[in-house]
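Trainee: Below are the structure tokens for one structure; questions will follow.
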Amino acid sequence: MIINNLSDDIRALCRAEGITQIEAGERMGIQRQGVNQISKRATISQKYIDLIEAMGYDIEIQYVRRLTQF
């Protein structure tokens, strides 16, 4: 099973794009604190993972760049 730390992914994507939490918040129409809260809560529960595994599946998360930019 692949476990993906979504909070780390969010930070890595911001670094890769060269944007701050403030800029990410502006794109979403929220304040930096809101981006920080979303990032901290960006998890998949263990119960969800257990359910998916019980059905015989693994979870993969893939990030794909959109063709249109901000």
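Trainee: Identify the single condition in (1) in contact (Cβ under 8 Å) with a residue 40 or more places away in the chain; (2) in contact with a helix residue (DSSP H, G or I) (Cβ under 6 Å, 6 or more places away or on another chain) that R27 does not satisfy, given that it satisfies every other one.
Mentor: (2)
Trainee: If you go through the range 50-62 one residue at a time, how many are touching a residue at least 40 places away in the same chain (Cβ under 8 Å), touching an Asp or Glu at 6+ places or on another chain (Cβ under 9 Å) and outside any loop (DSSP other than H, G, I, E, B)? Write out each step before concluding.
Mentor: Of the range 50-62, the ones touching a residue at least 40 places away in the same chain (Cβ under 8 Å) are 53, 58-61.
Filter once more, so that each one left must be touching an Asp or Glu at 6+ places or on another chain (Cβ under 9 Å): 59, 61.
Narrowing the set further to residues that are outside any loop (DSSP other than H, G, I, E, B) leaves none.
Qualifying residue count for the region: 0.
Trainee: Just one of A42, A54 is among the small types (G, A, S), in contact with a Ser or Thr (Cβ under 8 Å, 6 or more places away or on another chain) and over 17 Å from A16 (Cα atoms); which is it? First the steps, then the outcome.
Mentor: Values: A54 fails: in contact with a Ser or Thr (Cβ under 8 Å, 6 or more places away or on another chain).
Going through A42, A54 in turn, the sole match is A42.
Trainee: Still on this structure, I have one more. Answer yes or no: is there a residue in the range 35-43 that is part of a loop (DSSP other than H, G, I, E, B), surrounded by 14 or more Cβ atoms within 10 Å (Cβ to Cβ) and among the β-branched types (V, I, T).
Mentor: Step one: filter the range 35-43 for residues part of a loop (DSSP other than H, G, I, E, B), giving 42-43.
Pick out the ones that are also surrounded by 14 or more Cβ atoms within 10 Å (Cβ to Cβ) and you get 42.
When the remaining residues are screened for being among the β-branched types (V, I, T), the result is none.
The answer is no, given that none of the residues of the range 35-43 is part of a loop (DSSP other than H, G, I, E, B), surrounded by 14 or more Cβ atoms within 10 Å (Cβ to Cβ) and among the β-branched types (V, I, T).
Trainee: Output the number of residues of the range 25-34 satisfying the condition of being open to solvent by 40 Å² or more (accessible area, probe 1.4 Å), in a helix (DSSP H, G or I) and of a type outside the set (K, R). Break it down into steps so the answer makes sense when it comes.
Mentor: Restricting attention to the range 25-34, the residues satisfying the condition of being open to solvent by 40 Å² or more (accessible area, probe 1.4 Å) are 26-33.
Next cut, in a helix (DSSP H, G or I) only: 26-28, 32-33.
Subset that is of a type outside the set (K, R): 26, 28, 33.
Final tally of qualifying residues: 3.
Trainee: Among the residues of the range 6-24, what is the count of those that are touching a residue at least 12 places away in the same chain (Cβ under 8 Å) and under 29 Å from Q46 (Cα atoms)?
Mentor: Qualifying residue count for the region: 7.
Trainee: Still on this structure: Quickly run through the range 9-24 and pick out the residues that are within 14 Å of the chain's Cα centre (by Cα) and open to solvent by less than 70 Å² (accessible area, probe 1.4 Å).
Mentor: Answer for the range 9-24, where residues must be within 14 Å of the chain's Cα centre (by Cα) and open to solvent by less than 70 Å² (accessible area, probe 1.4 Å): D9, I10, A12, C14, Q21, A24.
Trainee: Among the residues of the range 44-54, count how many are exposed (fewer than 12 other Cβ atoms within 10 Å of the Cβ) and under 15 Å from the mean Cα position of the chain (by Cα). Let's see the steps before the verdict.
Mentor: Of all residues in the range 44-54, those exposed (fewer than 12 other Cβ atoms within 10 Å of the Cβ) come to 45-48, 50-51, 54.
Next cut, under 15 Å from the mean Cα position of the chain (by Cα) only: 45.
Qualifying residue count, the range 44-54: 1.
The values are calculated or read from the model by the stated rules, or taken from the named source; none is laboratory data. Worth saying up front: this structure is predicted, and the values here are computed from it rather than measured. Cβ sites come from the backbone with ideal geometry, for glycine too, and all protein chains shown count toward neighbours. Just the protein is used for accessible areas: all its heavy atoms, side chains included, with ligands, DNA and RNA removed. Shrake-Rupley method; radii C 1.70, N 1.55, O 1.52, S 1.80 Å.
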